[in-house]
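Structure first, commentary second.
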Amino acid sequence: MVLCLGWSVCVWGCVPLAAQRAEPVVQTPAHRMFSLYQRSAQKQALKSSEVRDVAKSLDDPNQQIRLQALRLLEKSSGLSRTTLLSVGLDQRLQWIVWQDPYLPARRLGIQLLATLRLPAEESLRTLDDIRVRSSSAIDRTWAAAAMCALQGGAAVACRQLCDAMKDKQWIVRREAVRIQGLLGMTPSRCPSGVMGALGDAMIIVRYNAAFALGAIPAQSSPVVLQRLQRALLDLREPLLVTSAAYALCQKQRSQGCDLLLSLMQHQNAHIRLQASRAILRLQQRADRLLPEIERLLVHPEELVSVQAAYVLCKLGHCALPLDTLLRALRRSPKKTQTHAEIALQRLSLRAVPALLEVFLQADLALQQRILRILERMRWRAVAALPRLHAMIEQPPTKALLPSLKKTVEAILAKP
């Protein structure tokens, strides 16, 4: 069934005929996903025509495409209010936050209502409706946080957000602190703010609270720093140590940065991964750590060098790290090869050109591994399709033809 709303946009892809003629046709959902994903990897601001295309993607029947479009808008905070309103983004977001059947899209839409420069009156009415009427305690909590961010600390919604941090359900408490970190604010009505959640009974709540403290500039008092430093001493909870170290590094405390670099060399792979994710969350603040991370590319433990290569490439420094990963893919022990495959798969857009360059000079076993990586990337490897189609027409070996066709099918599959 096609659902049409009152603002001249039909939600499930019902676009006026003139608009269909004006816009380039995207071949498949995989191509549309890749287009949005490619734009999100660009550092320059979106153009007006690109904003219009992204806004139309919010009407796509594919929930993954809608979510990818929202993620791109999340990274485009510099867009002008006039541009956003000209494409009807405010009305589209209001539909998403209240009626979208895909939960992650609804939550991200609520966050965007608080962070994008849209008409506050309409956003507040929508958020207040969710805060009062929604059957989901988490949706009510997110809406309350968004209203608190828009209205200031004296709003009634801020009291509701404070109460959510003391809710009986741990998942509500977790989301209450998480949304504050995403919005970069905590209500003044809460006696101890997010800091109080560092003493929660559930480790996942404490973990999210530490990350939130790092993301909220106002939470930098000596008391907060002392609580975070105390969390570093809880060796029974290494993941909490990781998030507390991130918060201290975010607040320009060398103790936290040094600890994150140390945790990247931990013998436990899961802790190394969490430390890497924490460093990536630092974004521009991670630049001062780059020389130390580059030294890890020649770490005696190959798994550490693979993880360091992944972090460096995600931070935009890909030349040497890709060489490290491709070298591990060629001649390392099986375990290291597997980790290198996973790292290259996650790097996707950044790794595709290097993988294709190596492909023709590789032996059959390495070619099979490269195709397996591209297959797992799925729509993120759309850029490889022209080369793969050419190989299908003239395969290097007949034994490789089934794998080539399987890879192309996986890339073009519905996201």
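Readers should treat all values here as calculations from the given coordinates under stated rules, not as data from a laboratory. Just so we're clear, the structure is a prediction, and the values are computed from it rather than from any experiment. FYI the Cβ positions are ideal-geometry reconstructions off the backbone, even for glycines, and counts take in every protein chain you see.
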request  = In whole Hz, with x marking every Gly and Pro, tabulate ³J(HN,Hα) for segment 208-220 from phi via Karplus 6.51 cos²θ - 1.76 cosθ + 1.60, θ = phi - 60°.
outcome  = 5, 5, 5, 4, 5, 4, x, 8, 9, x, 5, 8, 9
message = Viscosity 1.567 mPa s, temperature 4 °C: give me the Stokes-Einstein translational D for segment 256-356 in µm²/s, with Rh taken as the Kirkwood radius over C-alpha pairs.
response = 97 µm²/s
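Stretched out fully, how many nm does the piece from Gln99 to Lys398 gain, at 0.36 nm a residue minus the Cα gap? Mind dumping the intermediate values first?
Details: separation 299, 0.36 × 299 = 107.64 nm, distance 5.05 nm.
Separation in residues times 0.36 nm, less the Cα-Cα distance, equals 102.6 nm.
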ask   = With θ set to phi - 60° and the Karplus curve 6.51 cos²θ - 1.76 cosθ + 1.60, what are the ³J(HN,Hα) couplings of segment 378-393 in order, to the nearest whole Hz, using x for Gly and Pro?
value = 6, 4, 5, 9, 4, 4, 7, 4, x, 5, 5, 4, 5, 5, 5, 5
task = Pull out a ≥ b ≥ c, the square roots of the eigenvalues of the alpha-carbon gyration tensor of segment 160-248, then state rounded if a/c is under 1.5, prolate if not and a/b is larger than b/c, and oblate in the remaining case.
result = oblate
message = Can you compute 3J(HN,Hα) from phi for each residue in segment 344-361, using the Karplus curve 6.51 cos²θ - 1.76 cosθ + 1.60 with θ = phi - 60°, rounded to whole Hz and x for Gly and Pro?
response = 5, 4, 5, 6, 6, 3, 6, 8, 4, x, 5, 5, 5, 5, 6, 3, 5, 8
ask   = To the nearest Å, what is the center-to-center distance of segment 226-271 and segment 168-188, using C-alpha atoms only?
value = 21 Å
ask   = Using a Gaussian network model of the chain with C-alpha springs under 10 Å, which one of Ile203, Ile373, Ile110 is most mobile by mean-square fluctuation?
value = Ile203
task = First select every other residue whose beta carbon is under 11 angstrom from the beta carbon of Thr336; then total the charges, Lys and Arg +1, Asp and Glu -1.
result = +2
inquiry  = Among Ala149, Ala247, Ala41, which one shows the highest mean-square fluctuation when the chain is modelled as a Gaussian network with alpha-carbon springs under 10 Å?
reply    = Ala41
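Show that you can apply the helix-only estimate: for the chain, add -39,500 (n - 2.57) for every DSSP H stretch of four or more residues, divide by all residues, and state [θ] at 222 nm to the nearest 500.
-20000 deg cm²/dmol
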remark   = Using alpha-carbon positions, the gyration tensor of segment 180-317 gives root eigenvalues a ≥ b ≥ c; with a/c under 1.5 called rounded, otherwise prolate if a/b exceeds b/c, else oblate, the class is prolate
Net length gained if the chain between Arg117 and Ser188 were fully extended (0.36 nm per residue, minus Cα distance) = 23.3 nm
inquiry  = Limiting things to C-alpha atoms, what are the Rg and the maximum Cα-Cα separation (Dmax) for segment 307-386, in angstroms?
reply    = 11.4, 32
Sequence-separation-based contact order of the chain, relative, with Cα cut under 8 Å and 6+ spacing, percent = 10 percent
Candidates per trypsin sites (Lys or Arg not before Pro) in segment 172-265, loop by DSSP, up to 10 other Cβ within 10 Å = Arg236
inquiry  = Report the rotationally averaged projected area of segment 46-148 based on its alpha-carbon convex hull, in square nanometres.
reply    = 5.7 nm²
task = Output the Cα-based Rg and Dmax of the chain in Å, rounding Rg to one decimal and Dmax to a whole number.
result = 23.3, 70
message = What would the Debye equation give as log₁₀ I(q)/I(0) for segment 113-214 at q = 0.17 Å⁻¹, counting only Cα atoms as equal point scatterers?
response = -0.67
